[in-house]
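The values are calculated or read from the model by the stated rules, or taken from the named source; none is laboratory data. Predicted model, so just to flag it, every value in this text is computed and none were measured. Ideal geometry is used to build each Cβ from the backbone, glycine not excepted, and the neighbour counts take in all protein chains shown. These area figures cover heavy atoms from the full protein model, side chains too; ligands, DNA and RNA do not enter into them. Shrake-Rupley method; radii C 1.70, N 1.55, O 1.52, S 1.80 Å.
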Amino acid sequence: MSIRTEEMVLNMGPQHPSTHGVLRLELTLEGEIITKVVPHIGYLHRCFEKHCEAMTYQQVVPYTDRMDYLAAMGNELAYAIAVEKLLNIQVPERVEYIRVIMAELQRIASHLVAIGTYGADIGAFTPFLYCFRDREKILHLFEITSGARLLYNYIWPGGLSHDLHSDFVRLTREFIKEFRPNLVELNNLLTFNRIFIDRTANVGILPIETAINFGITGPMLRGSGMKWDLRRDDPYSVYHKFDFEIPVGEGKMGTVGDSWDRYYVRVREMEESLKIIEQALDQLPEGDVTSAIPKRIKPPVGQVYTRIENPRGELGYFIISDGSTSPFRVKVRAPSFVNLQIMDELCRGHMVADVVAILGSVDIVLGEVDR
């Protein structure tokens, strides 16, 4: 005779430190085993898309920074490309190279936060300090370039707010030289740590078919074994000029598509970003970064959709122009929002302690979830 116990509903968040923001996960439990997860996301209310309707195209740029505030350069880049398509303007080649450099530095900085906080979530505090030490060097590069450390307003439709600082190239090369051995140190400390592997391998397995059906993109999709990266598969800017690999999950420590694979894809992506930055610095052309910036943006009636490979996946902007100086509508395809819907699939059958490991491997930023 089996004993049936009542299910218990447990709320994790919205103030839980491991939810990385105002996310509430409603967990339905049978004992310690999870049977259902419902994410509740409506606590931040950024209202970005509605704000855009009351702003000129130029004024929207600082608002893009505030969605995924750990990947602001990418947010600006995708928006700038969309507006440039509406206007049918070509930006100088130097602008394209600088944009790629900034986007890849931003990818590394974002992944360092994801990796460092993931270690802290699981109980390893020292790697968090190491990751933030290296991220600080990237923030310094952004600060001397744009004057800001987190929200930059640097990539404008038609160009950049201003050219690189005179020390930027030298300091970036120094960072690359210092960061490569630090990545080896990080792997020794965290990636191949036995306790970390036990907590993440074979936990939260995401089969590739499920990932595709849910529209999952970025390191989560690649962690499931699919080589899909918009920088290579739907190239934008000047990414087609660079040689780099697309890391995918291989089930090295457990099963393909588990939490460890998603984590390790981000580690390897940082190595590939270093390659792209080096090539861009070597090929960096001369030119004026402000020559193509229009004094007034008033695109013709029409609509456009552009997408880029942001640190968390495919970031897309759908913009409708009614011929005025403000967008009629702006709709954002935010990767964190799309990726978060998989939590129920990933958590079922696992224990409560695994929720933290699974959520950390998804790597969300609430600013673009509840945008």
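General observations
- Odd one out for Gly204 among (1) touching a Gly at 6+ places or on another chain (Cβ under 9 Å); (2) open to solvent by 30 Å² or more (accessible area, probe 1.4 Å); (3) in a loop (DSSP other than H, G, I, E, B): (2)
- Selection of first residues in the stretch 276-305 that are touching a residue at least 40 places away in the same chain (Cβ under 8 Å) and of second residues that are in a loop (DSSP other than H, G, I, E, B) and of a type in the set (Asp, Glu), restricted to Cβ pairs under 7 Å at least 6 apart or on distinct chains, gives the following pairs, ordered by first then second residue: Val289/Asp163.
- Residue check for Ile195: assigned to a helix (DSSP H, G or I) and of a type outside the set (Asp, Glu): yes
- Contact map, the stretch 306-326: residues that are within 19 Å of Arg232 (Cα to Cα) and without any contact (Cβ under 8 Å) to a residue 40 or more places away in the chain paired with residues that are of a type outside the set (A, V, I, L, M, F, W, C) and not in a loop (DSSP other than H, G, I, E, B), Cβ distance under 7 Å, separation 6+ or inter-chain. No pairs are found.
- Any hit, the stretch 219-233, residues being on the phi < 0 side of the Ramachandran plot, touching a residue at least 40 places away in the same chain (Cβ under 8 Å) and open to solvent by 60 Å² or more (accessible area, probe 1.4 Å): no
- Top-ranked residue in the stretch 96-113 [being within 18 Å of Tyr317 (Cβ to Cβ) and within 12 Å of the chain's Cα centre (by Cα); ranked as surrounded by the fewest Cβ atoms within 10 Å (Cβ to Cβ)]: Gln106
- All conditions in (1) open to solvent by 70 Å² or more (accessible area, probe 1.4 Å); (2) in contact with a helix residue (DSSP H, G or I) (Cβ under 9 Å, 6 or more places away or on another chain); (3) modelled with pLDDT of 95 or more hold for His162, with the sole exception of (3).
- Spans of helices (runs of 4 or more DSSP H) in the stretch 1-95 with at least 3 residues surrounded by fewer than 16 Cβ atoms within 10 Å (Cβ to Cβ), on the phi > 0 side of the Ramachandran plot and modelled with pLDDT under 95: none
- Scanning the stretch 315-336 for residues that are of a type in the set (A, V, I, L, M, F, W, C) and either more than 19 Å from Val60 (Cβ to Cβ) or crowded, with 23+ Cβ neighbours inside 10 Å (or both) yields Leu315, Ile319, Val330, Ala334.
- Candidate set: the stretch 114-126, residues that are more than 17 Å from Val184 (Cα to Cα) and among the β-branched types (Val, Ile, Thr); chosen: the one surrounded by the fewest Cβ atoms within 10 Å (Cβ to Cβ): Thr117
- Condition met for Val238 (among the aliphatic types (A, V, I, L, M), within 30 Å of Met55 (Cβ to Cβ) and open to solvent by 60 Å² or more (accessible area, probe 1.4 Å)): no
- Taking every residue in the stretch 156-169 that is free of Cβ contacts under 8 Å to residues at least 40 places away in the same chain and within 21 Å of Lys137 (Cβ to Cβ) and pairing it with any residue that is among the β-branched types (Val, Ile, Thr) and surrounded by fewer than 18 Cβ atoms within 10 Å (Cβ to Cβ), at least 6 positions away or on another chain, the pairs with Cβ-Cβ distances below 8 Å are His165/Ile144; Asp167/Ile144; Phe168/Ile144.
- With respect to (1) open to solvent by less than 30 Å² (accessible area, probe 1.4 Å); (2) free of Cβ contacts under 8 Å to residues at least 60 places away in the same chain, the lone exception for His140 is condition (1).
- Count of the stretch 188-201 residues which are over 12 Å from Met253 (Cβ atoms) and either open to solvent by 10 Å² or more (accessible area, probe 1.4 Å) or of a type in the set (Lys, Arg) (or both): 3
- Each residue in the stretch 243-262 was checked for being open to solvent by 20 Å² or more (accessible area, probe 1.4 Å) and either β-branched (Val, Ile, Thr) or more than 20 Å from Leu359 (Cα to Cα) (or both), and 8 of them qualify.
- The listed residue being closer than 25 Å to His350 by Cα and surrounded by 16 or more Cβ atoms within 10 Å (Cβ to Cβ), out of Arg268, Arg312: Arg312
- Residue that is nearest to Leu340 (Cα to Cα), among those in the stretch 207-243 that are part of a loop (DSSP other than H, G, I, E, B) and among the acidic types (Asp, Glu): Asp229
- Residue within the stretch 277-296 that is under 16 Å from the mean Cα position of the chain (by Cα), buried (at least 22 other Cβ atoms within 10 Å of the Cβ) and over 21 Å from Leu150 (Cβ atoms) present: no
- Residue under evaluation Ile342, criteria (1) touching a residue at least 24 places away in the same chain (Cβ under 8 Å); (2) open to solvent by 10 Å² or more (accessible area, probe 1.4 Å), criterion not met: (2)
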